[in-house]
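Derivation of every value follows stated rules applied to the coordinates shown; laboratory data play no part. Not measured: the values here are computed from a predicted model. Because the Cβ atoms are built from the backbone with ideal geometry, glycine has one as well, and the counts that use them run over all protein chains shown.
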Protein chains: 2
Amino acid sequence: MPPPPLHRHLLILRSQTLTPLLRRNPSCDPPLCRPRRCLSARASAAQVAAAGVATAQQPELGMEEAVVGFVTGKRKATEVAHAVWRSIVRKGDTVVDATCGNGNDTLALLKMVADERGQGRVYGMDIQDSAIESTSSFLKMAVNDDHQRELVNLFPICHSRLEEIVPKDVPVRLVAFNLGYLPGGDKTLITVPRTTELALQAASRILSSGGLISVLVYIGHPGGRDELDVVESFASSLPIDTWANCKLQMVNRPIAPVLILLNKK
Amino acid sequence: MPPPPLHRHLLILRSQTLTPLLRRNPSCDPPLCRPRRCLSARASAAQVAAAGVATAQQPELGMEEAVVGFVTGKRKATEVAHAVWRSIVRKGDTVVDATCGNGNDTLALLKMVADERGQGRVYGMDIQDSAIESTSSFLKMAVNDDHQRELVNLFPICHSRLEEIVPKDVPVRLVAFNLGYLPGGDKTLITVPRTTELALQAASRILSSGGLISVLVYIGHPGGRDELDVVESFASSLPIDTWANCKLQMVNRPIAPVLILLNKK
C-alpha cells in the first residue's frame with residue numbers, strides 16, 4: 001500500500017483524507033485496533049495545567065524533582081518521562097507522538113523541538129478523529145504562536161502506520177506512546193497488542209541513533225497486561241549492543257502505569 | 001535475645017564481641033545466611049574511584065546525568081540509587097548500610113550525613129568479618145578526617161539484625177541493601193531470601209517517615225531471582241497509603257541488577 005501524501009506545515013491532515021486508507025488496512029481493522037477515546041473535544045485551561053506543560057507560573061519539572069517525586073509517590077510516571085525527553089530531545093528535532101489522545105504529550109514535545117528557525121517537527125497521530133480534533137483544539141488554546149503550531153502535523157491514523165507519515169530521510173529523535181485507555185476516559189476504548197507491536201517495530205526502524213522510544217503502558221483495564229507483555233517482550237528482544245531498554249514501575253500499586261524506555265545506541 | 005551493647009563513635013565493633021551472639025541466632029545459621037564476600041581486605045585508589053564517591057577531580061553525579069545515563073546504558077543502577085539518596089538524605093541524618101561489602105555505599109553515605117557538628121551517623125554491617133575489615137580499611141584510605149570516620153559504626157552481623165545496632169530513639173533516614181554476590185566476587189557467597197526478608201521487615205520498622213529503603217538486587221547467580229521475588233513480594237505487601245514503592249530495571253539485560261526503592265510516607 002503506498003503511503004499517504006505528506007502534508008508538512010499542515011496542522012491537521014483531515015480524517016477524510018486518510019480514513020479510507022485506514023479502513024483498508026487489515027492490521028487496523030476493529031476489534032484489533034480500537035480507537036482510544038479523547039477526554040474532550042474542547043481544550044480547557046485545566047487541561048493545559050494538567051498537561052504539566054511549563055507556563056510563566058509553572059516552570060518545567062526538573063529531573064530531580066520528577067524522579068524523587070515519583071519515588072515518594074508525589075509525581076507520576078509521565079512526569080518522569082517528560083523529564084527524560086527534555087534531556088534527550090533538542091530544539092529543531094523531529095519527534096513523533098504516536099498516540100495523541102488529548103494532546104498533552106504533543107504539546108510537551110512541541111515545546112521541546114520548536115526553534116526560531118522553524119526546523120523542529122512533531123508528527124502526531126491517533127486513530128480516532130475526535131482525539132485529533134481535541135489535540136488540535138488544545139494546541140490552539142495552549143500555543144499562541146501560529147508558526148509554532150504549524151510545526152505540528154496531525155494524522156488520524158493508527159500508530160502502527162507511523163512510517164507512512166514521517167519523511168524517510170528525517171532522523172527521528174523520539175517516538176512517544178501512551179498505551180491503553182486515557183485516564184478518566186472510556187476503558188473499553190483501548191490500544192491493543194497486535195497494532196502496538198507493529199507500531200513499536202516501525203518506531204524502532206525510524207528512530208535515529210541516540211533516540212528514544214518512550215512507552216507509558218496503562219494496565220488497569222482488561223487487556224492492559226497483555227499489552228504490557230507485548231511491549232516488554234519487544235523491549236527484551238532488542239539486542240543489548242544496540243539498545244538500552246529499561247522499565248520504571250510502582251511495586252505496591254498493581255494498576256499503576258508502567259514506563260518503558262528504549263534507547264537506540 | 002537482648003541486643004548487643006551499642007558502641008557509638010567506635011569505628012569497628014570487633015567481630016569477637018558479636019560473633020557468639022550471631023552463632024546463637026537461628027535465623028542467621030548457615031546455609032540460610034551465608035556471608036557475602038568482600039572483594040579485597042585492602043582498599044585501593046582504584047576502589048575509591050570505582051566507588052563513585054566525589055573527589056576534587058570527580059564531582060558527584062547529578063540526578064539528570066545518573067538517570068539519563070542509566071536510560072542510555074552508560075550508567076549503573078547503583079549510580080541512580082546514590083543520586084536518589086543524595087536527594088533524600090540530609091547532613092546530620094542517621095542511615096544504615098545493611099550490607100557493607102567492600103564499603104562503597106558506606107563511604108557514599110558517610111559523605112551525605114557527615115556534618116561539622118558531628119551529628120550524622122552511619123551504621124554499617126556485614127555478616128563477614130573480612131567485609132567489615134575491608135570497609136574499615138577503605139574508609140581509612142578514603143576519609144582523611146578522623147572525626148568524620150568516627151561517625152561510622154561497623155558491626156560484623158547479619159543484616160536481619162539491624163535493629164540490634166541502631167539506637168531505638170534515633171530516626172533513620174535510609175537503609176541501603178546490596179543483595180546477592182559482590183560483582184567480581186565469589187558467586188557462591190550470597191545473601192539469601194530468608195534473612196533478607198527479616199532484614200527488610202526490620203528496616204521498615206526503624207525507618208522514619210520520609211525515609212527510604214534502597215535495595216539493589218543482583219540476580220545473575222543461582223538463587224538471585226528467588227531473592228528478588230522476596231523483595232518484590234515484601235514491597236508489594238506494603239500499603240499504598242503509607243508506602244510508595246517503585247522498581248527500576250533493565251529490560252533487555254536479564255541479569256542486570258534491579259533497583260527497588262521503598263519510601264515511607
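By counting other Cβ atoms within 10 Å of each Cβ, how are B:CYS246, A:CYS100 ranked from fewest to most?
Ordered by Cβ neighbours within 10 Å, fewest first: B:CYS246, A:CYS100.
Which ³J(HN,Hα) values in Hz, rounded to whole numbers, follow from the phi angles of region B:234-246 under the Karplus curve 6.51 cos²θ - 1.76 cosθ + 1.60, where θ = phi - 60° and Gly and Pro get x?
Going residue by residue, I get 4, 4, 5, 7, 7, x, 5, 6, 10, 9, 10, 10, 9 Hz, with x marking Gly and Pro.
With 28 Å as the limit, write out which pairs from A:LYS168/B:LYS76; B:LYS76/B:LYS168; B:LYS76/B:LYS140; A:LYS111/B:LYS111 have Cα-Cα distances beyond it, or answer none.
Violating the 28 Å Cα-Cα cut-off are A:LYS168/B:LYS76; B:LYS76/B:LYS168; A:LYS111/B:LYS111.
Using the Karplus curve 6.51 cos²θ - 1.76 cosθ + 1.60 with θ = phi - 60°, work out ³J(HN,Hα) for each residue of region A:68-83 in order, rounded to whole Hz, and write x for Gly and Pro.
Here the 3J(HN,Hα) series is 5, x, 5, 4, 9, x, 9, 10, 8, 4, 5, 6, 5, 4, 4, 5 Hz.
Measuring from centroid to centroid over Cα atoms, what is the spacing of region B:208-244 and region A:172-237 in Å?
Cα centroid of region B:208-244 versus Cα centroid of region A:172-237: 27 Å apart.
Rounding to the nearest 20 debye, state how big the charge dipole of region B:120-250 is about its Cα centre with +1 on each Lys and Arg Cβ and -1 on each Asp and Glu Cβ.
That gives a dipole near 160 debye.
Net charge near A:TRP243, counting Lys/Arg +1 and Asp/Glu -1 over other residues with Cβ under 14 Å of its Cβ?
Numbers: positive: A:ARG205, A:LYS247, A:LYS264, A:LYS265, B:LYS74, B:ARG253; negative: A:GLU232, A:ASP241.
Taking every other residue near A:TRP243 into account, the sum is +4.
Any idea what the dipole of region B:79-188 comes to, in debye rounded to 20, about its Cα centre with Lys/Arg Cβ at +1 and Asp/Glu Cβ at -1?
300
Using the Karplus curve 6.51 cos²θ - 1.76 cosθ + 1.60 with θ = phi - 60°, what ³J(HN,Hα) values do you get for each residue of region B:192-209, in whole Hz, with x for Gly and Pro?
Per-residue couplings from phi come out as 10, x, 4, 6, 5, 5, 4, 5, 5, 4, 5, 4, 5, 6, 8, 5, 7, 4 Hz.
Can you check how the C-alpha radius of gyration of region A:181-265 compares to 2.2 N^0.38 Å, as a plain ratio?
1.11
Whole Å is fine, so just give me how far the alpha carbon centre of region B:120-163 lies from that of region A:116-136.
56
Near the amide H of A:VAL152, under 5 Å away, which other amide H atoms are found, from residues 5 or more places off or on another chain, if H is placed in the peptide plane?
A:VAL122
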